[in-house]
Amino acid sequence: MDEGNPAAAGRFAIAYVAGALLLAGYATWHYLMGHYARILPPALLALLMLVAAVLRLVLIAWPRIPAYLVLIAGYLLLALELPHLDGEAVIWVGLAPVLPLLLLPLAPALLLNVALAPLWLLLGGEALDGEFVLSYLAIMTLAPLALWEQRRQRALLLATDPRDPNCQALSHDGLHAHLESEFQRTALLHQPLAILVIHLPQLEMASEQFGRRARQALLDTLCNEATRCSRRHDFLGRHSDTTFWLVLPDTSENGAQLVQQRILQALEPVVLIDTGSLRTHMGLCQRLPGESWQRLRQRLCNLTHRLETQ
Amino acid sequence: MQSKYKVGLMRLNLLAGALLLGLLAPQAPAFASALLLWLGVIWLAVTAALLEFSHRRPAILPWQLLPGLLLMALLWTAPERHALWLWLWPAALLLPQPVWMLAVNLLLAALSWWSLHRLLGAEQALFAAFALLTLTILAVARRRQPQRPSVRQRVRLAPGLPLWSAYQLYEDLPRERARCHREGVHGELLLLRVPRHQLWPMAQQLCRQLHGFENCYRLDQRTLAALLLNRDAQLARERREELLANLATPRKARVIALEAIDSLDASLGRFQEQQDSLAIDMEVTHG
């Protein structure tokens, strides 16, 4: 979710550069110790990590490629150096199951850990005793818990938060749940129900052409004006990336047209820095007498589709 | 879009961890490390038992601090046996946690490294410190902010259940009151006091009987509230009687017409003092 934004990319790049420095330091150490034959691998792998850091900043949309490069660098260094170390060097084997968890998503990390566990255990222990194996397995099982918990909290928030994360409107799920309950309410109380569909064609390209901030400005303007022009119990929800539904309970067709007029007038003078004036396509949908929820929803989706392909 | 998250798999992972620590514990020569390992087993098992996909039990801070403290204590008491686990620290930093707790964990990680440094010898200890630092930067880059309290106030307490926090009732009540007045609808606030352990089953029972547009709120550990909407007072009374008859008997209940609520706090205060099992306020009270 947040791995695609530039700030996160910067943080990851810093971490990769730190890794590169670590490996460069290790190569220097071999040089000072006179182990000339062992200098080359860490030096080359340090370069690989630098490349990964640069890639992380350039390919913001593909964070996995540099992550795999860093993982390969870490794995190679461990595999090459472990046989040279002895005695307390066993401690370094513990790095192997932690690295993929820090770099990859949960599922590939788990898979990789399980697949490579025998290899690392063989590389790590001349003294392959039961306790060492158990300790290694314990790291392998305990380390992923942090990622599980991260996922749980994120999924829980998605499942329970009715609001859209990017603007002051209901999310798709929140909107549909709320609209259905509003449908029931107005049906029970014999009230009319109107929905105003608002499509913002500029949203589609705003991000690519003008960046994140232009897109946010469009979203904020629409949400503010739509909220300002409606009553307290009307609600705005985001049906798709570029289309909003403004639900107007207990509103006749005339009333809804009035709201549409007001929103159009409010948006007319708006000129944003990057995108200029704000263009909208709007359509009105009124619940017909005796109409079922599925039918109304179908009509709404058709109207939305028409507006989006206009 | 229903979430595909499986809480069962995480529980399995927790139990597997508990099992491994349980296997290691009897082998520990020192009493202290055996005790710490058993504490770890208990922590993992209890977490697995309480784990569920809802906001019912948000993790409390001492509970979240415990794994870090246990890890540090283990490395401190028996560095030669658990040296491998130094690398669990980056994972511990990856857990969703507030910034001050991150700082505490960083400090604990530094202490753990210190307990190992003599064992490793100067060069390896130095290199281990830098490696740990690098992984820490990586873990912090990947860390997620824990949910802010302001977010937690506005979410449903469990997926799929129209059950909201007390905060949401303070938001909804004035709006519903104005709307009911405008539309000529009879709205009432139902307050229920239930025994603490029955709160969640009762909330589920209540939610099942509400219309889709009526919300239920958890005010505190023993109090539930619901907004009931009906076309007129007559229908409202029939519906309320049926609803209360269908619920497992609550300790006490109070029904207040939305028009009769001056302030929610005053109404809640009267509910606190109420002796009868059922009270109904339909008149506007001017105190």
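The values are calculated or read from the model by the stated rules, or taken from the named source; none is laboratory data. All of these numbers come straight from a predicted model, not from anything done at the bench. Please note: Cβ atoms are built from the backbone with ideal geometry, for glycine as well, and neighbour counts cover all protein chains shown. Surface accessibility is based on the protein's heavy atoms, side chains included, excluding ligands, DNA and RNA. Shrake-Rupley method; radii C 1.70, N 1.55, O 1.52, S 1.80 Å.
Observations
- Test for A:MET49: is it under 37 Å from the mean Cα position of the chain (by Cα) and of a type outside the set (Phe, Trp, Tyr): yes
- Test: residue in the stretch B:79-89 that is assigned to a helix (DSSP H, G or I), open to solvent by 30 Å² or more (accessible area, probe 1.4 Å) and without any contact (Cβ under 8 Å) to a residue 12 or more places away in the chain: no
- For the condition in a helix (DSSP H, G or I) and open to solvent by less than 80 Å² (accessible area, probe 1.4 Å), B:LEU20 qualifies.
- Which listed residue, of B:ARG148, B:ARG154, B:ARG196, B:ARG142, is within 8 Å of chain A (Cβ to nearest Cβ), open to solvent by 20 Å² or more (accessible area, probe 1.4 Å), out of contact with any strand residue (DSSP E or B) (no Cβ under 9 Å at 6 or more places or on another chain) and closer than 26 Å to B:PHE53 by Cα: B:ARG142
- Among the residues listed as B:ALA125, B:ALA178, B:ALA139, B:ALA131, the single one being within 30 Å of A:HIS190 (Cα to Cα), in a helix (DSSP H, G or I) and small (Gly, Ala, Ser): B:ALA178
- Screening the candidates B:LEU116, B:LEU75, B:LEU106 for the property of being assigned by TED's automatic domain parsing to the domain that holds B:GLY17, open to solvent by 60 Å² or more (accessible area, probe 1.4 Å) and touching a residue at least 24 places away in the same chain (Cβ under 8 Å) yields one hit, B:LEU106.
- Applying the set (1) more than 7 Å from chain A (Cβ to nearest Cβ); (2) open to solvent by less than 50 Å² (accessible area, probe 1.4 Å); (3) within 27 Å of A:VAL133 (Cβ to Cβ); (4) not small (Gly, Ala, Ser) to B:LEU94 leaves exactly one unmet item: (1).
- Per the listing B:GLU238, B:GLU188, the residue uniquely more than 11 Å from every other protein chain (Cβ to nearest Cβ) and open to solvent by 30 Å² or more (accessible area, probe 1.4 Å) is B:GLU238.
- When the residues of the stretch B:52-69 are filtered to those that are buried (at least 17 other Cβ atoms within 10 Å of the Cβ) and within 11 Å of chain A (Cβ to nearest Cβ), the one that is nearest to the chain's Cα centre (by Cα) is B:HIS55.
- Residue ranges of helices (runs of 4 or more DSSP H) in the stretch A:39-133 with at least 2 members open to solvent by 50 Å² or more (accessible area, probe 1.4 Å) and farther than 13 Å from A:GLY19 by Cβ: A:40-58, A:64-81, A:106-124
- Of all residues in the stretch A:24-38, exactly one satisfies the criterion of being open to solvent by 40 Å² or more (accessible area, probe 1.4 Å) and assigned to a loop (DSSP other than H, G, I, E, B), namely A:HIS35.
- For the stretch B:154-165, the condition of being among the charged types (D, E, K, R) and either at pLDDT 90 or above or closer than 22 Å to B:PRO96 by Cα (or both) holds for at least one residue.
- Scanning the stretch B:220-235 finds no residues that are crowded, with 20+ Cβ neighbours inside 10 Å, outside the structural domain of B:ARG57 (by TED's automatic domain parsing) and in a loop (DSSP other than H, G, I, E, B).
- Of the residues in the stretch B:146-153, none is assigned to a helix (DSSP H, G or I) and at pLDDT 85 or above.
- Residue in the stretch B:29-44 that is more than 27 Å from A:TYR136 (Cβ to Cβ) and either touching a residue at least 40 places away in the same chain (Cβ under 8 Å) or touching a Gly at 6+ places or on another chain (Cβ under 9 Å) (or both) present: no
- Selected residue (criterion: farthest from the chain's Cα centre (by Cα)) from residues of the stretch A:134-149 that are open to solvent by 20 Å² or more (accessible area, probe 1.4 Å) and either closer than 22 Å to A:LEU82 by Cα or more than 10 Å from chain B (Cβ to nearest Cβ) (or both): A:LEU134
- Looking only at the stretch A:240-276, and only at residues there that are open to solvent by 50 Å² or more (accessible area, probe 1.4 Å) and touching a residue at least 12 places away in the same chain (Cβ under 8 Å), the one that is farthest from A:GLN202 (Cα to Cα): A:SER252
- Look at the stretch B:130-142: where a residue is without any contact (Cβ under 8 Å) to a residue 60 or more places away in the chain and a partner is of a type in the set (Lys, Arg), sitting 6+ places away or on another chain with Cβ atoms under 8 Å, you get B:ILE137/A:ARG11; B:VAL140/A:ARG11; B:ALA141/A:ARG11.
- Of all the residues in the stretch A:154-172, those that are buried (at least 19 other Cβ atoms within 10 Å of the Cβ) and assigned to a helix (DSSP H, G or I) number 3.
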